[in-house]
Amino acid sequence: MTAAYNDRNETIRTALERTIASLTHDKVSLRTLLAVVGDHGSLLLCALLTVPFLLPVSIPGVSTVFGLAILLLGIGITFNTTPWLPRQIMDREIDAQRLKDVLQRGISIVARIEVVIRQRADALTYGRIAGRLNGIAIVAGAALLMLPLGLVPFSNTLPAIAILLLCIGVSQRDGILVIGGYLMLVATIVYFTILGWIAFQAGSGLANFFSGS
């Protein structure tokens, strides 16, 4: 097993670049990936795991594995405890080359966010109450991310952006990014609610059509 890398001053962009360079085999497990990413803490690990969801591509197995990992990491963040990840999730293998391509494309997205990071409104990023609320928001985002809506446009992208902003905002003490994460979370809930309403109306219309014929 790869030894865990430990440099808490490393940026997410640098961690991404180093992770990409390590993907030299056909398959990679979450256990190996997290060891390569290193001991950055749950927040930065969650941020890194959102990257594949920010782009309109599909990697078989990623939604379940990464989504559940973010969910469990979020629970650990909420209660300020070391997260536990089941062996079935940790050892699930995914296509390394496709993941590498996605992470490479995600570097530019992360780089844009890192340019605007500032320590501001930091009351939203530390303390027990803020920690609990931010952790719950990450868990909620992960739950939305795992919904079986892969064919619906933006169904993965919106909650992934929310989680990414929350994680980077809290880890870098940038309350404005945290607010942005909450706004994206609300936007995701509104979007899914509208989709549900449209689906319900369509189903009701079809039921009325067939019952009247």
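Once phi is turned into ³J(HN,Hα) by the Karplus curve 6.51 cos²θ - 1.76 cosθ + 1.60 with θ = phi - 60°, what whole-Hz value does each residue of the range 187-199 show in order, with x for glycine and proline?
4, 5, 4, 4, 4, 5, 5, 5, 4, x, 5, 4, 5
Whose amide H sits under 5 Å from the amide H of R120, counting only residues 5 or more places off or on another chain, with H placed in the peptide plane?
Under 5 Å from the amide H of R120: D174, G175, I176.
Restricting to Cα pairs below 8 Å that are 6+ residues apart, what does the relative contact order work out to for the chain? Please round to a whole percent. Don't skip to the end; give the middle numbers.
Details: 305 pairs, mean separation 48.1, N = 213.
Reported relative contact order: 23 percent.
Report, as a whole number in µm² per second, the diffusion coefficient that Stokes-Einstein gives for the range 134-213 at 37 °C and 0.692 mPa s using the Kirkwood radius over alpha carbon pairs.
Answer from the Stokes-Einstein relation: 237 µm²/s.
Step through the residues of the range 107-116 one at a time and calculate ³J(HN,Hα) from phi using the Karplus curve (6.51 cos²θ - 1.76 cosθ + 1.60, θ = phi - 60°), rounding each to whole Hz and writing x for Gly and Pro.
4, 5, 5, 5, 4, 5, 5, 5, 5, 9
What dipole magnitude, in Debye to the nearest 20, does the chain give about its Cα centre under +1 on Lys/Arg Cβ and -1 on Asp/Glu Cβ? Before the final figure, lay out the partial values.
Values: 16 positive and 12 negative charges, 48 e Å.
Value, rounded to 20: 220 debye.
Relative contact order for the range 25-149: what is it in percent, counting Cα pairs under 8 Å that are at least 6 residues apart? Before the final figure, lay out each step's value.
On the way: 123 pairs, mean separation 47.1, N = 125.
Computed over the range 25-149, the figure is 38 percent.
Highest mean first, what order results for 81-89, 23-31 on Cβ atoms within 10 Å?
Final packing ranking: 23-31, 81-89.
For a quick size check, give me the Cα extents of the range 62-123 along its three principal axes, largest first, whole Å.
So the three principal-axis extents are 40, 34, 14 Å.
Dipole of the chain (Lys/Arg Cβ +1, Asp/Glu Cβ -1, origin at the Cα centre): which of L147, L23, G135 lies farthest to the positive side?
So the residue furthest toward the plus end is G135.
Can you tell me what percent of all Cα-Cα pairs in the chain are more than 32 Å apart?
The proportion of pairs with Cα distances above 32 Å equals 18 percent.
Would you please give the residues with an amide H less than 5 Å from that of K27, counting only those at least 5 places away or on a separate chain, with H modeled from the backbone geometry?
It is A96, by chain and number.
Short version: ³J(HN,Hα) in whole Hz for each residue of the range 163-172, in order, from phi by Karplus 6.51 cos²θ - 1.76 cosθ + 1.60 (θ = phi - 60°), x for Gly and Pro, what are they?
Listing the rounded values in order: 5, 4, 5, 4, 5, 5, x, 5, 5, 9 Hz.
I'd like to compare 160-173, 125-138, 177-190: which one has the highest average count of other Cβ atoms within 10 Å, and what's the full order after that? Display every interim value, and only then the final one.
On the way: 160-173: 26.3, 125-138: 17.0, 177-190: 18.7.
Averaged packing, sorted descending, gives the order 160-173, 177-190, 125-138.
Only the coordinates and a few stated rules stand behind these numbers; no lab work does. Everything numeric in this text was worked out from a predicted model, so none of it was measured. FYI the Cβ positions are ideal-geometry reconstructions off the backbone, even for glycines, and counts take in every protein chain you see.
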